[in-house]
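Asks: Okay, here's the structure, questions in a sec.
The values are calculated or read from the model by the stated rules, or taken from the named source; none is laboratory data. Computed from a predicted model, the values in this text were never measured in an experiment. Methodologically, a virtual Cβ is constructed for each residue, glycine included, from the backbone with ideal geometry; neighbour enumeration extends over all protein chains shown.
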Amino acid sequence: MRINIAIDGPSAAGKSTIAKELAKILNYVHLDTGAMYRSTALKALQCGIALDDEAAVCEMLKNTEITMTPDGKIFLDGKDVSTDIRTDEVSMAASNVSKLEKVRADLVARQQEMAKAKGFIMDGRDIGTVVLKDAEVKIYMTASAYARAERRYKQNIENGIPTSDIETIAEEIRQRDYQDMHREHSPLRKADDAIEIDTSDMTIAEVTEAIYGYVEPFLQKEE
Ligand code: DC
């Protein structure tokens, strides 16, 4: 049977990298929900909309199209913003707009609509707790703050994204995690039925294999 897989966890824990790998193996669709919050934040910044102005950001979203291609590119109103949404400024701005209840409601509705078809691997902060409460497999992925900062630093360099040093990234990650875990609406937390995996000392292949082990029994089952 085709299932949905939820992957949540703090920033730079490796969620998207693993979700991409799994999607390839299973021939599933990977939906990076963080990219939707990032695209929303980028457009608000470009339009000069204050990141705490809930009504204005929601109004903006009514005329906003966010799409993802199977090879992982993000399009905002038809423009490829895959690199633009990865800057430190947009990371923090995304965390700020993600506090807004009505913004979340808009993006969550889009995510749930897409996942109806099954065969989705979604990564984010509230997938197991809100978006896909009935996902067959839920993973909560963590890693030490230093391991995460180091990975993000390497990723930035590889992708040609302007980057701060590891210590600064680690501090930003700590700040964003705190904000994401302590906000009022849908804070980041492990769903009661999620499996926790600490990836600090694991390779991409090891994490992918571990999750595949939880998914495999469902693949054999009848619809
Ligand atoms: O996963 P990411 O770092 O690209 O996400 C950017 C921000 O968006 C993150 O700081 C919190 C927010 N976010 C969220 O609130 N809910 C999600 N499902 C995904 C991301």
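Asks: Do you know which residues across the stretch 204-221 are surrounded by 13 or more Cβ atoms within 10 Å (Cβ to Cβ) and aliphatic (A, V, I, L, M)?
Replies: If the condition is that a residue be surrounded by 13 or more Cβ atoms within 10 Å (Cβ to Cβ) and aliphatic (A, V, I, L, M), then Ile204, Val207, Ala210, Ile211, Val215 are the ones that fit.
Asks: Return only the number of the condition from (1) surrounded by fewer than 15 Cβ atoms within 10 Å (Cβ to Cβ); (2) without any contact (Cβ under 8 Å) to a residue 60 or more places away in the chain that Thr83 does not satisfy.
Replies: Of everything listed in (1) surrounded by fewer than 15 Cβ atoms within 10 Å (Cβ to Cβ); (2) without any contact (Cβ under 8 Å) to a residue 60 or more places away in the chain, Thr83 misses just condition (2).
Asks: Go through (1) assigned to a loop (DSSP other than H, G, I, E, B); (2) in contact with a helix residue (DSSP H, G or I) (Cβ under 6 Å, 6 or more places away or on another chain) one by one and return the number of the condition Glu184 breaks.
Replies: All conditions are met except number (2).
Asks: While we're looking at this one, here's another question. For the stretch 156-177, give me each residue that is in contact (Cβ under 8 Å) with a residue 40 or more places away in the chain and of a type in the set (Gly, Ala, Ser).
Replies: If the condition is that a residue be in contact (Cβ under 8 Å) with a residue 40 or more places away in the chain and of a type in the set (Gly, Ala, Ser), then Gly160, Ser164 are the ones that fit.
Asks: Evaluate the following for Asp52: is it surrounded by fewer than 17 Cβ atoms within 10 Å (Cβ to Cβ), outside any helix (DSSP H, G or I) and at pLDDT 95 or above? Before you say what the answer is, go through the steps one by one.
Replies: On the way: surrounded by fewer than 17 Cβ atoms within 10 Å (Cβ to Cβ): yes; outside any helix (DSSP H, G or I): yes; at pLDDT 95 or above: yes.
Yes.
Asks: One residue is enough: does the stretch 123-135 have a residue meeting the conditions over 14 Å from the mean Cα position of the chain (by Cα), more than 23 Å from Asp192 (Cβ to Cβ) and hydrophobic (A, V, I, L, M, F, W, C)?
Replies: no
Listed here are the residues, each with its yes/no results for (1) away from the ligand (no atom under 14 Å from the Cβ); (2) closer than 16 Å to Glu89 by Cα.
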site: Tyr140; (1), (2): no, no
site: Ser144; (1), (2): yes, no
site: Glu150; (1), (2): yes, no
site: Asn159; (1), (2): no, no
site: Pro162; (1), (2): yes, yes
site: Glu167; (1), (2): yes, no
site: Gln179; (1), (2): no, yes
